[in-house]
Amino acid sequence: MKSFSQFLLEETSYRRKGYINIKTGKMVLFPFTGRSIRPYHTEYVLKNANKFIRGGEDALLRKFAHANGFEPEDEETQSMWVDIKTGKVDRDPNLDSIMEAEGWRRVVFDEGISSVEPVDRREGQKLVKMILDKIPWKNIESLNVFDQGHLNDMTTISSEEDAYSYIKRGSVPKRSKIGTTMAMFREDTLTEQQFNNANLIKGWMSPKGKLVLHPESNKHKFHLQILTQMVPYEEMRPHMSEFIGSEHLKFLQGLKKDGTSNFTKEQIKELIEREYKAVYKRWATARDDSDRIVEGRYVDMGWVKIVIDRNPYGMSAIEGSDRQILKCAKKLDKMFGGWEGFATKSMMVSTKTSVSRIGSAIRDSAGWDHYLKTGQVRRQTEIGSKMSQFREFVEEEWSDKYKRSIDCDNPKGFSQRAHCQGRKKNMKG
């Protein structure tokens, strides 16, 4: 029968726990799976004592016995020793004191719950520096430093930038919850040149009008990934698709029905919650693409989804409610310096409601200016729309000699009619 811990495996590239020595900088880590429970730190120490103390298990046993007021061979000592070594007991204060005196401090590296346990803040600064010297921040992501003498009191470091601030000052800048989440995924400030050179730009506008845009790259591929920078897990969780949990629940219930598991309701609930967290993590790290249900719900709540496509004949789009789309368009116009700054062939303005999506395309600066002033997209007849789409093909691909040979009083075929329509428009302009 599969145990509960076997189903707590997470998709993660780096999960370690162990100790770092404040005196020497030596780090002893071991991989683990499941819920950061087994093996315990002290359980691992007793099974690998030679890695932590000169003289190995015998020396550590003598120190442990004397700390408890017994001899190593006493029954009381042996009983406590076996309980720790077999994982029946997690923390033992006397063993913790021995490890502390030897300079060892507990560390855990896991998704969103990495931690280190110094005795005070000054030691915390030193340990964080030791950690960053050995482990890339991408494997840590967030670090709780229990630097105030109690395991309920901690300093949370949510970005590499904040980690170096803590090393230098012993503190991190104060941020709101959303600000903290954004810091976890922040990259270097994007330059104007990076935007100008990007063929594809994606992002969102929040209900309060905050724009977050990114040129598509390995770090910023998907809209939902960018949304996680602005919305922490706790706030996104109520809006995540019910399908995620229901499918996992069916699987777990099937195991229980088949007699291959004996999960309690609480354990099943925890497994499902961990599945939601794992999905959010995959979105945040671009391992999964998107979820139209979640994106649609955020659009319904006043968010605006943005894509600016500068590829040949690419179609850009702004998706949201009427009022929010217009608000977003005005901000984008100011940011990019008008229609020409988008460098796109068309801009689809999509009104998203819970039951439908209606889109109208803007294809030139006049249409864009009209939309900014009126909030309405000028309609084109079907023939006019097609002529607008093919006019550039006609103008670019035909030689000047051929253009002059076209008789616009008697054009032949759709392409010549489109060319003549464009010629008349230019003459009037």
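The values are calculated or read from the model by the stated rules, or taken from the named source; none is laboratory data. Every value quoted in this text rests on a predicted model; they were computed, and no experiment measured them. Virtual Cβ from ideal backbone geometry, glycine too; neighbours counted across all protein chains shown. These area figures cover heavy atoms from the full protein model, side chains too; ligands, DNA and RNA do not enter into them. Shrake-Rupley method; radii C 1.70, N 1.55, O 1.52, S 1.80 Å.
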Rounded to the nearest 0.05, what FRET efficiency do D409 and D364 have when you use their Cβ-Cβ distance and R0 = 41 Å? 0.95
Tell me, in nm to one decimal, what length is gained between E100 and N139 on full extension, where the rule is 0.36 nm per residue of separation less the Cα-Cα distance? 11.5 nm
L200's amide H: which non-local residues (gap 5+, or another chain) put their own amide H closer than 5 Å, with H modeled 1.01 Å from N in plane and none for Pro or chain starts? E216, R310
Residue span K334 to R274: 0.36 nm per residue of separation minus Cα-Cα distance leaves a gain in nm of 17.4 nm
What area, in nm² and to one decimal, does the C-alpha convex hull of segment 34-152 cast on average over all directions? 8.0
If packing is taken as the mean number of other Cβ atoms within 10 Å per residue, what is the order of 95-101, 224-230, highest first? 224-230, 95-101
In terms of the alpha carbon gyration tensor, root eigenvalues a ≥ b ≥ c, rounded if a/c is under 1.5 and otherwise prolate when a/b exceeds b/c or oblate, segment 280-320 is oblate
Which of H370, H66 is most accessible, then next, and so on - probe 1.4 Å: H66, H370
Which of rounded, prolate, oblate describes segment 68-109, given a ≥ b ≥ c as roots of the alpha-carbon gyration tensor eigenvalues and a/c under 1.5 marking rounded, otherwise prolate only if a/b is larger than b/c? oblate
For segment 49-88, just say rounded, prolate or oblate: build the C-alpha gyration tensor, square-root its eigenvalues into a ≥ b ≥ c, call rounded for a/c under 1.5, and beyond that prolate if a/b exceeds b/c, oblate if not. oblate
Length gained, S217-K51, 0.36 nm per residue minus C-alpha separation, equals 55.5 nm
Each label point is 7 Å from the Cα along the Cα-to-Cβ direction; what then is the distance between the points at E75 and L200, in nm? 7.2
Note down the nm distance, to one decimal, between modelled labels 7 Å out along Cα→Cβ at K88 and at L372. 7.6
